[in-house]
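The values are calculated or read from the model by the stated rules, or taken from the named source; none is laboratory data. All values derive from a computational prediction rather than experimental measurement. Note: ideal-geometry Cβ built from the backbone for every residue, glycine included; neighbour counts use all protein chains shown. Areas reflect the complete protein model, heavy atoms only, side chains present, ligands, DNA and RNA absent. Shrake-Rupley method; radii C 1.70, N 1.55, O 1.52, S 1.80 Å.
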Amino acid sequence: MATKQINPTRMELTRLKKKLITALRGHKLLKDKRDELMRQFLDMVRENKRLREKVEADILAVNQNFVMARASMTDEALNTALLAPTQEVFLDTETRNVMSVDIPVLHYKTRTANPEDIYSYGFAFTSGDLDDAVKSLAAILPDLLRLAEIEKSCQLIAAEIEKTRRRVNALEHVMIPETQKNIQYITMKLDENERSTQIRLMKVKDMMLAQAHDYDQPL
């Protein structure tokens with residue numbers, strides 16, 4: 001039985017068959033999209049895990065170097081050395097489309113290309129541990145930006161996967177079965193009407209034959 005009131009006509013049957021074809025095609029495309037999003041999401045999760053472990057280990061090493069530098073320098077000397085940085089970092093953002101999801105892409109550039117500009121102090125009154133800390137901190141920047149890019153991408157793709165999954169389920173469990181039931185209902189009604197019409201035509205034919213036969217009888 002149809003789930004809602006519909007007109008059992010051939011025009012409605014044709015419309016529902018076209019709707020079913022479109023729904024089946026859309027269902028397949030959405031499933032393919034969901035599967036591809038899942039594949040890319042898992043690749044990003046693995047890269048995110050690797051980068052996070054690396055960045056956390058690098059930050060731990062930087063902190064250890066800063067602790068060593070603080071132990072070998074006075075607070076005033078350390079604060080003075082880091083007070084006026086000579087290098088600047090500029091961040092540019094753009095997006096990359098992955099299966100209709102705009103994920104961020106981060107690019108950075110420094111004010112100067114000289115790698116020595118990361119040191120905002122002279123080397124006469126500072127320790128080598130501070131040099132190591134500043135150098136290792138600057139080296140973390142590319143991985144840190146990539147980690148931020150990957151984590152945001154994972155969030156966006158996960159949201160798109162959930163949205164696509166709901167659409168697939170709606171088509172698979174609601175729209176397609178309902179359309180198939182309606183097609184079956186209309187087909188059954190049309191067949192029933194056709195049989196009723198044939199029976200009426202046969203009865204009319206029998207009546208006409210019987211009437212003709214009565215006319216042929218001699219008086």
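Out of the residues in segment 100-120 that are outside any loop (DSSP other than H, G, I, E, B) and of a type in the set (A, V, I, L, M, F, W, C), state the one that is surrounded by the fewest Cβ atoms within 10 Å (Cβ to Cβ). Even if it seems obvious, please write down each step before you answer.
Residues of segment 100-120 that are outside any loop (DSSP other than H, G, I, E, B), as a first pass: 101-110, 115-118.
Then drop every residue that is not of a type in the set (A, V, I, L, M, F, W, C), which leaves 101, 103, 105-106, 118.
On the way: VAL101: 21, ILE103: 20, VAL105: 13, LEU106: 15, ILE118: 19.
Here the answer is VAL105.
Return the total of residues in segment 121-148 being open to solvent by less than 60 Å² (accessible area, probe 1.4 Å), closer than 15 Å to THR110 by Cα and either not in a helix (DSSP H, G or I) or not hydrophobic (A, V, I, L, M, F, W, C) (or both).
Total satisfying the criteria: 1.
Taking LYS163 as the residue in question, decide whether it is open to solvent by 40 Å² or more (accessible area, probe 1.4 Å) and closer than 27 Å to ALA61 by Cβ.
Considered against the rule, which asks whether it is open to solvent by 40 Å² or more (accessible area, probe 1.4 Å) and closer than 27 Å to ALA61 by Cβ, LYS163 comes out as no.
Picking from LEU20, LEU30, LEU16, which residue would you name as being modelled with pLDDT of 90 or more, surrounded by 12 or more Cβ atoms within 10 Å (Cβ to Cβ) and under 24 Å from the mean Cα position of the chain (by Cα)? Talk me through it step by step, then tell me what you get.
Values: LEU20 fails: under 24 Å from the mean Cα position of the chain (by Cα); LEU16 fails: under 24 Å from the mean Cα position of the chain (by Cα).
Being modelled with pLDDT of 90 or more, surrounded by 12 or more Cβ atoms within 10 Å (Cβ to Cβ) and under 24 Å from the mean Cα position of the chain (by Cα) holds for just one of LEU20, LEU30, LEU16, which is LEU30.
Yes/no per residue for (1) of a type in the set (Phe, Trp, Tyr); (2) in contact (Cβ under 8 Å) with a residue 12 or more places away in the chain; (3) over 30 Å from SER100 (Cβ atoms):
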residue	(1), (2), (3)
THR164	no, yes, no
ASN169	no, no, no
GLU172	no, yes, no
GLN180	no, yes, no
LYS189	no, yes, yes
MET202	no, no, yes
LYS205	no, no, yes
GLN211	no, no, yes
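Out of ASN63, ASN97, ASN79, which single residue is loosely packed, with under 14 Cβ neighbours inside 10 Å and over 44 Å from the mean Cα position of the chain (by Cα)?
Being loosely packed, with under 14 Cβ neighbours inside 10 Å and over 44 Å from the mean Cα position of the chain (by Cα) holds for just one of ASN63, ASN97, ASN79, which is ASN79.
Conditions: (1) farther than 30 Å from ARG167 by Cα; (2) not in a helix (DSSP H, G or I). ASN7 meets all but one. Number of the miss?
Tallying (1) farther than 30 Å from ARG167 by Cα; (2) not in a helix (DSSP H, G or I), ASN7 fails exactly one: (1).
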